[in-house]
Structure formats: C-alpha cells, structure tokens
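Notes for the one structure printed next.
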Amino acid sequence: MVTSKRIVGSELAKLQKAFFDNDMLDYYKVDNEEQLYLTQFDCIHNEVFEYPVFDKVLSLYHHEIETFTPILAKKLRDLLENIHVQNLLLISHLRLNLLENRKVRNSRLANSYQKLETMVQNKSYYEVIAFDLESLPDIIEIVFWITRCDPSAAEYILFFDTDERVQFFICKYGNVHLTEFKQENLSAKKLTALGWHILNGQETDNF
C-alpha cells in the first residue's frame, strides 16, 4: 500500500534514513543476522520528495488520564472532518511487529494489545492498518497506551490520511504532533476554535 503513496513513502524514507545505524548493523553482522536489521528499513530507498510541510504540536490540556482517550478521539475526529478526511493509515516508522511485546503486566497495555490482535486477526503484524473514522476511538486507545506504557514499541506510530494531506502521531505525553503537507488547512485560529492548544517550547506530561 505504501508503494502507491508517494508522500507516505517519502516521509518513511526520511525517518528510516535518520534511524539507520551502521554500528548497529555491524553488531547484527557478528551473528550473521544483518538481514534481521535491514528488513526493518523497508522504505529507506524510497525516493524523497520536496514539498512544503507545516508542523504543530497540539494539546487538549486534559489531565485526567482515565477519560483522556475518548476525548482525544472525539477531538481528532472533529479536526479530521474539518479537512474532509474519512480514511486513515496507521504505520510504524520502521517495519516492526506491532504485536511484538505481549508479556506485559500493565492492564491498560495488555488490553490494548489484545484489542489490536483482535483487530488484525493475527498474533503478529508488520503491515499498514487501513481504517475509517468509525474505528478511530479504538485505534487511539490502542496507540496511546502502547506509546505511553511500552518502551520497546515503535518510537513512532504514525497516522496518515489516505489523500496524503496530513500526518500525526501521539506522543507519550498525550500531545498530537501534526504535520500538513503542501498546504496549511489547519491554521492556529481554526485549531483554537476546535478546542486545541498549540504548544511552543518543551513539552511536559499532561498527566
């Protein structure tokens, strides 16, 4: 699916080039397992395109973690519907098993992995997940708890709209790191009207 999405492929290539580590590759080579490392960088040779990008870090300033994910999902849906997005792709920055770490004690995290396994109908998953806005509450809950509670998970679990106009990820603090491609449709004024706060400077944990 990524091969047909030029901007998605370009953004993944940028990240994979930044994360590739020759010293780590040498470490894998010692055990003749370099292919295990190289397989993670499946988009590193994609063409990187030039286009304007507009970055913002957004917060809801919501400090009750137990009620956070449904509110975040609702606000994200409002934001996406405002720019006429209906379908999204979920993908990690490297080709990693999204269900790699199942031996967890945290109940929220265990529940998120169970939901993800049910969703993809498999005990391991390396591919893109395509979904519509009706599935957004479940996806947001899964991604938030994995990002917050599992340090072994992919560092970036990215959302792209299928028309490649916008990309975002949710950090462990609960903030939304938003990027628009080619054209800015979500101005500061519009985001404020939608209930978001634009952050400048260092982030702090909302919870």
| message | Any residue that is within 21 Å of Asp205 (Cβ to Cβ), within 14 Å of the chain's Cα centre (by Cα), surrounded by 14 or more Cβ atoms within 10 Å (Cβ to Cβ) and aromatic (Phe, Trp, Tyr) - is there at least one of those in segment 147-161? | response | yes
| task | Out of the residues in segment 7-45 that are of a type in the set (S, T, N, Q) and over 19 Å from the mean Cα position of the chain (by Cα), state the one that is modelled with the lowest pLDDT. | result | Asn32
| From the list Gly201, Gly174, which one is on the phi > 0 side of the Ramachandran plot, assigned to a loop (DSSP other than H, G, I, E, B) and open to solvent by 30 Å² or more (accessible area, probe 1.4 Å)? | Gly201
| In segment 54-80, what residues are among the aliphatic types (A, V, I, L, M) and more than 17 Å from the chain's Cα centre (by Cα)? | Leu60, Ile65, Ile71
| request: Would you check if there is a residue in segment 1-23 being of a type in the set (Ser, Thr, Tyr) and without any contact (Cβ under 8 Å) to a residue 24 or more places away in the chain? | output: yes
| said: Checking Ile7 against (1) outside any helix (DSSP H, G or I); (2) surrounded by 13 or more Cβ atoms within 10 Å (Cβ to Cβ): exactly one of these is not met. Which one? | reply: (1)
| task | Enumerate the helices (runs of 4 or more DSSP H) found wholly within segment 25-131, keeping only those where 3 or more residues are open to solvent by 30 Å² or more (accessible area, probe 1.4 Å) and touching a residue at least 60 places away in the same chain (Cβ under 8 Å). | result | 68-82
| message | Pairs please, first residue from segment 182-207 and closer than 21 Å to Cys171 by Cβ, second anywhere and of a type in the set (S, T, N, Q) and modelled with pLDDT of 95 or more, Cβ atoms under 6 Å, 6+ apart in sequence or on different chains. | response | His197/Ser59; Leu199/Ser59; Glu203/Asn175
| task | State whether one or more residues within segment 149-162 are assigned to a strand (DSSP E or B) and in contact with an Asp or Glu (Cβ under 6 Å, 6 or more places away or on another chain). | result | no
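The values are calculated or read from the model by the stated rules, or taken from the named source; none is laboratory data. These numbers were taken from a predicted model, which means no experiment stands behind them. All Cβ positions, glycine included, derive from the backbone under ideal geometry; neighbour counts span all protein chains shown. Note: accessible area is taken over every heavy atom of the protein model, side chains too, but ligands, DNA and RNA are not part of it. Shrake-Rupley method; radii C 1.70, N 1.55, O 1.52, S 1.80 Å.
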